[in-house]
Amino acid sequence: MAKVLLLNGSPHPKGCTATALMEMIPVFSSAGIETELIQVGNKDIRGCVSCGSCGKTGKCVFDDLVNEVAAKFETADGLVVGSPVYYGSPNGTILAFMDRLFYSTPFSKHLKVGAAVVSARRGGNTASFDVLNKYFTISGMPVASSTYWNQVHGFTAEDVKKDLEGLQTMRNLARNMSFLIKAIADAREKYGLPEVEHGAFTSFPDGK
Ligand SMILES: Cc1cc2nc3c(=O)[nH]c(=O)nc-3n(C[C@H](O)[C@H](O)[C@H](O)COP(=O)(O)O)c2cc1C
């Protein structure tokens with residue numbers, strides 16, 4: 001059975017971001033896709049210290065929720081990351097988590113499907129959405145889309161429940177993401193996965 005992990009970057013397990021993520025779960029279930037919602041934002045997650053240990057051991061030197069989720073991410077077919085907007089960006093905890101999750105894991109994320117969901121009272125949604133999508137698009141992960149950018153508005157969960165278009169956007173996102181996951185599984189059987197080149201690691205146009 002295909003599986004999607006949903007990360008809640010908010011410190012509030014029943015807040016606005018959670019309300020948006022939970023709107024997606026019944027849609028995944030009705031598409032026959034298993035889900036797991038993981039609460040990240042109320043944990044003590046420190047940032048990457050660029051120690052390079054993960055390059056040798058295949059896991060983060062700080063043995064916390066990042067390493068637990070890494071094992072689940074390796075076998076998952078899709079990842080949804082949800083974040084509240086703090087000063088026009090994703091919140092600090094989810095950024096620390098995503099930096100370490102993506103940098104420390106040696107397995108291929110190629111053609112796992114990604115989606116970012118953001119919640120703001122008023123502004124900074126699209127800038128935050130862009131930041132989160134960059135983890136997927138550097139990793140060969142197709143990004144699922146919806147009928148608007150994946151955002152809800154509110155200061156409380158009750159506000160978000162009144163954001164009917166925001167919730168509709170979440171349901172359509174889950175439908176499109178389910179379809180993509182199934183389509184990629186079928187295409188993998190039919191065509192195999194596309195080749196990925198590695199090796200070039202340049203910072204300047206002349207390659208030095
Ligand atoms: C430190 C902090 C900064 C915030 N900055 C913004 C902001 O830049 N724009 C905005 O619209 N809301 C901002 N908010 C409000 C939250 O993003 C908003 O209420 C969000 O929906 C809360 O989601 P949650 O209930 O999942 O935590 C901020 C809240 C906090 C605590």
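Since every read-out is calculated from the coordinates, none of them should be taken as a lab result. Since we're looking at a predicted model, the values are computed, not measured. All Cβ positions, even for glycine, are placed from backbone atoms using ideal geometry, and neighbour counts span all protein chains on display.
Would you grab the residues whose amide H sits under 5 Å from the one on VAL117? Only those 5+ places off in sequence or on another chain, please, with H modelled 1.01 Å from N.
Result for VAL117 returns VAL81, GLY82, SER83.
Arrange the following residues from fewest to most other Cβ atoms within 10 Å of their Cβ: THR169, THR126, THR19. Walk me through the numbers on the way to the answer.
Details: THR169 22, THR126 14, THR19 25.
Sorted ascending by nearby Cβ count, the order is THR126, THR169, THR19.
Based on other C-beta atoms within 10 Å, arrange TYR103, TYR86, TYR191, TYR135 from fewest to most.
Working: TYR103 14, TYR86 17, TYR191 8, TYR135 20.
Ascending number of Cβ neighbours within 10 Å: TYR191, TYR103, TYR86, TYR135.
Hey, how many Å between the Cα centroid of the stretch 160-208 and the Cα centroid of the stretch 25-98?
When both Cα centres are located, 17 Å separates them.
Project the alpha carbons of the stretch 131-208 onto their principal axes and report the range along each, largest first, in whole Å.
53, 37, 16
Exceeding 19 Å between C-alpha atoms, which entries from my cross-link table qualify? They are LYS43/LYS109; LYS3/LYS161; LYS59/LYS134; LYS109/LYS182. Before the final figure, lay out each step's value.
Working: LYS43/LYS109 24 Å; LYS3/LYS161 26 Å; LYS59/LYS134 21 Å; LYS109/LYS182 16 Å.
In this structure, LYS43/LYS109; LYS3/LYS161; LYS59/LYS134 exceed 19 Å between Cα atoms.
Can you put SER178, SER108 in order, fewest other beta carbons within 10 Å first? Show your work: numbers first, answer last.
On the way: SER178 24, SER108 13.
Going from least to most buried by this count: SER108, SER178.
With N denoting the number of residues in the chain, provide Rg(C-alpha) divided by 2.2 N^0.38 Å, to two decimal places.
On the way: Rg = 17.1 Å, N = 208, 2.2 N^0.38 = 16.7 Å.
Dividing the Cα Rg of the chain by 2.2 N^0.38 Å gives 1.02.
Quick one: putting +1 on the C-beta of Lys and Arg, -1 on the C-beta of Asp and Glu, what dipole do you get for the chain around its Cα centre, in Debye to the nearest 20?
Details: 21 positive and 20 negative charges, 24 e Å.
Around 120 debye, computed over the chain.
From the phi angles alone, apply the Karplus equation (6.51, -1.76, 1.60; θ = phi - 60°) to the stretch 71-78 and give each ³J(HN,Hα) in whole Hz, x where the residue is Gly or Pro.
4, 6, 5, 4, 9, 7, 9, x
Taking θ as phi - 60°, what are the ³J(HN,Hα) couplings along the stretch 106-119 by the Karplus curve (6.51, -1.76, 1.60), each to the nearest whole Hz, with x for Gly and Pro?
x, 6, 6, 9, 4, 6, 6, 9, x, 8, 10, 10, 10, 10
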